[in-house]
Amino acid sequence: MTKPSCLLSIIVPTLNEAETITATLQPLQMLRNQGCEIILADGGSDDHTAEQAAPWVDQLVVTEKGRARQMNAGADLAQGRWLLFLHADTLLTANFSSFLISLASTEKQWGFFSLSLTGRHIFFRVIETAINLRSRLTSIGTGDQCLFVKKALFLQLGRFPEIALMEDVSLCKTLRQHSSPWVCIDKVLTSSRRWEQHGILKTVGLMWRLRLAYFLGASPDRLVKIYYGR
């Protein structure tokens, strides 16, 4: 069901998220009555992600895998004046209805949220504080922070670059040249499974290594090999 005059389209890129996709989409259902459209952009999952998600979304598109490619495909279908890109392991703030009210009248063109991590270890409080501070200082958010942007501006600036990694950072760099972001104080809740599975310090070190390499000009294809240890 499309919503021709909706305020916001929430685009969820997925790849083999069958175990968690229902838990991600169920809390969004109340937003469908508040001017929001839900779009799932699947990268060809082989675990029935798309089938499980279908009852919970307004539109569903299946593309070749690649988060940037998937999000662009979802954006092309979107009916909303604004686009919000939501990772499958991230939950929106409980105050999201208030955000929608502000979104309808803001003069800002794009932005992202602060974040909290699900892990209870004290190191996760340090990590999330560092991420939130860094993003404010640099005007660059990550995908975990739910980037949102006016659809007209997103299309004008050429969408996400379809690169293997760092598509979120690349888009933010382009957007900040256009205008300053709206950094929402309300926090989204992001899974800490990446740190828990691979080790907190090891993962933090990897993230900083990737960012430094990207800053120094390393290609996204090279970065994705580092990321997956190839």
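Side notes on the structure shown:
- Of the residues making up segment 5-27, those that are over 15 Å from the mean Cα position of the chain (by Cα) and either in a helix (DSSP H, G or I) or within 15 Å of A104 (Cβ to Cβ) (or both) number 7.
- When the criteria are applied in full, A78 fails the requirement of being surrounded by fewer than 22 Cβ atoms within 10 Å (Cβ to Cβ) and hydrophobic (A, V, I, L, M, F, W, C).
- Screening the candidates A18, A53 for the property of being open to solvent by less than 70 Å² (accessible area, probe 1.4 Å) and touching a His at 6+ places or on another chain (Cβ under 7 Å) yields one hit, A18.
- Search result, residues across segment 93-102 that are touching a strand residue (DSSP E or B) at 6+ places or on another chain (Cβ under 6 Å) and within 12 Å of C146 (Cβ to Cβ): T93
- Selection count where residues are under 18 Å from R193 (Cα atoms), open to solvent by 50 Å² or more (accessible area, probe 1.4 Å) and touching a residue at least 40 places away in the same chain (Cβ under 8 Å), scope segment 109-167: 3
- Positions within segment 70-98 being of a type in the set (D, E) and in a helix (DSSP H, G or I), in sequence order: D76
- Residue match in segment 32-48 (condition: more than 19 Å from R194 (Cβ to Cβ), assigned to a helix (DSSP H, G or I) and within 15 Å of the chain's Cα centre (by Cα)): no
Quick grid of which residues meet (1) open to solvent by less than 50 Å² (accessible area, probe 1.4 Å); (2) closer than 29 Å to L137 by Cβ; (3) of a type in the set (K, R); (4) out of contact with any Gly (no Cβ under 8 Å at 6 or more places or on another chain):
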| position | (1), (2), (3), (4) |
| --- | --- |
| L8 | yes, yes, no, no |
| P27 | no, no, no, yes |
| I39 | yes, no, no, no |
| G74 | yes, no, no, yes |
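The values are calculated or read from the model by the stated rules, or taken from the named source; none is laboratory data. Fair warning: this is a prediction, and the values are worked out from it, not measured in the lab. Using ideal geometry, Cβ is built from the backbone for each residue, glycine included, and neighbour counts are taken over all protein chains shown. When the accessible area is computed, the model is the full protein with side chains, heavy atoms only, and any ligands, DNA or RNA have been set aside. Shrake-Rupley method; radii C 1.70, N 1.55, O 1.52, S 1.80 Å.
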